[in-house]
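For reference, the structure discussed in these notes is given below.
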Amino acid sequence: MASSSKIGDVSTDAMTLTRFTMEEQMKHPGASGSLTLLLSSLAVACKATEAAVRKAGIAQLYGISGDTNTTGDEQKKLDVLANDLFINLLKSSYQTCAMVSEENENMIEVPVAKHGRYIVCFDPLDGSSNIDCLVSIGSIFGIYRRDDDEGPVTEKDCLLPGNKLVAAGYCVFGTACMMVISTGNGVNGFTLDPSIGEFILTAQDMKVPKKGKIYSVNEGNSSYLDEKLLKYFNHCKFPETGKPRGARYVGSMVADVHRTICYGGIFMYPASSSAVNGKLRLLYECNPMAFIMEQAGGKAVTGRGDERVLDVVPTSLHQRAPIYLGSADDVDEVLSFLNA
C-alpha cells in the first residue's frame, strides 16, 4: 500500500470541513457534537446556494421576485431561494431553536419537536444587487447559544451582542467557492472541490496583515459623510509620505471583507446624514464579520469612540450599525481622524 497521502493530483488524506470540525470537537471532551452537526448543515446550505448561483442564468433565476425584504431592499429570485434553503436545512438539523434572516421580518421559530440549543442569524445572499451582473456574492451567518433553555423561545433570546457568538462564518461565491469559519479559535478557509462535493481546508489560520494598502468604502456617499472621515479619505489618496492607497469597493460585503482579510486594509460602511446608524445590519452582517476579523487579528469598531462592534447590544432584530473593520493599524488610524 502506498504511504504517500497524494497520488497524482488527488489527495488521499484531505482535511475536509467535516473532518476539521470533528477534530476540533475531540479537543473538548464535554462537547456534545451539536455545533459540529449545525456547521455541517450550514455547509450543505452554502453548497446548495452555490449550485443555484452557478446555474442561475440557465434556470432563469436572475431578476427581481417582485417583493421587498424587511429592510426595504428588492428581493431577487436567488434571495428567496437561498433563504428557503437556509431555513429548511437549519430546521432539519435539529440543532436550532430560532433563526433571524435578513429576508424575514420576524424571528423564525423552529418547531419544538426539532428544537436545539442554538440561534442562527444569517444573510442568505449578501450583495444581491450584484447578482445579475455576475459579481462575487456570498452568505453570512452567526451562531449563538440560547441563554435560557426554559420556556418558549422569544425575540429577546435573539437580541444578543456579538461578544456572545459561539461561531461565525461566510461563504463567498466568486472564482471559487470558499467557506470561511471561526469557532473562536482562529479563522480557517475551506474551498469547495466540485469533483467530490466537499469543502477542503486550503487556508489554515488566516491572519489579516497588521497594516494594508487598500481602503474600501462607497465614496459616492461623500456628500452625506462627516468632514473628519473625508479628511481620512484625502489622507489615503494624498499622503504626506509614501504612495497613495488603492481604492477597492465591490458592494458585496462578503467580497470586500474577504479581500481585506487576504490583503489587509480597511472596509468601512459609516454612519451618514442619510443613514445615521449606517446601513449594514448588526445581527447577521456586522457581528459575524467583526467576530471573524478579530479572530484573524484585526479590529472592528463602530466609529463611536473606541466601541467594538461586538459590544453593541441589539434592541431589534434588524438593527443597523456603522462599521469599520480590517487591519489593526488601519482601524486605529481612521479612529484617530474620527476622534480628533
Mean-position separation - Cα centroids, the stretch 129-183 and the stretch 208-258, in angstrom: 25
Mean Cβ count within 10 Å, highest first, over the residues of peptides 303-316, 251-264: 251-264, 303-316
Taking the chain and dividing mean pair separation by its residue count, relative contact order in percent (alpha carbons under 8 Å, at least six apart): 15
23 Å Cα-Cα threshold exceeded, pairs from K207/K237; K213/K299; K55/K114; K114/K279; K27/K91: K207/K237; K55/K114; K114/K279; K27/K91
Rounded accessible area per residue of the chain, 1.4 Å, Å²: 45
Range of Cα positions in the chain per principal axis (Å), largest first: 62, 54, 46
Size of electric dipole in the chain: Cβ of Lys, Arg +1 and of Asp, Glu -1, about Cα centre, debye, nearest 20: 700
Relative packing of 282-292, 201-211, 183-193, 231-241, which averages over residues the other C-beta atoms within 10 Å, highest first: 282-292, 183-193, 201-211, 231-241
Fraction of accessible area attributable to carbon and sulfur, the stretch 85-179 (%, probe 1.4 Å): 48
Within the chain, helix-based [θ] at 222 nm, where runs of 4 or more DSSP H residues each add -39,500 (n - 2.57), nearest 500: -8500 deg cm²/dmol
Sulfur and carbon atoms: percent of accessible area, the stretch 212-340 [1.4 Å]: 50
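The values are calculated or read from the model by the stated rules, or taken from the named source; none is laboratory data. What you are looking at is a predicted structure, and each value in this text was computed from that prediction instead of being measured. Counting neighbours? That spans all protein chains shown, and the Cβs are built from the backbone with ideal geometry, glycine included. With ligands, DNA and RNA removed, areas are computed over all heavy atoms of the protein, side chains included. Shrake-Rupley method; radii C 1.70, N 1.55, O 1.52, S 1.80 Å.
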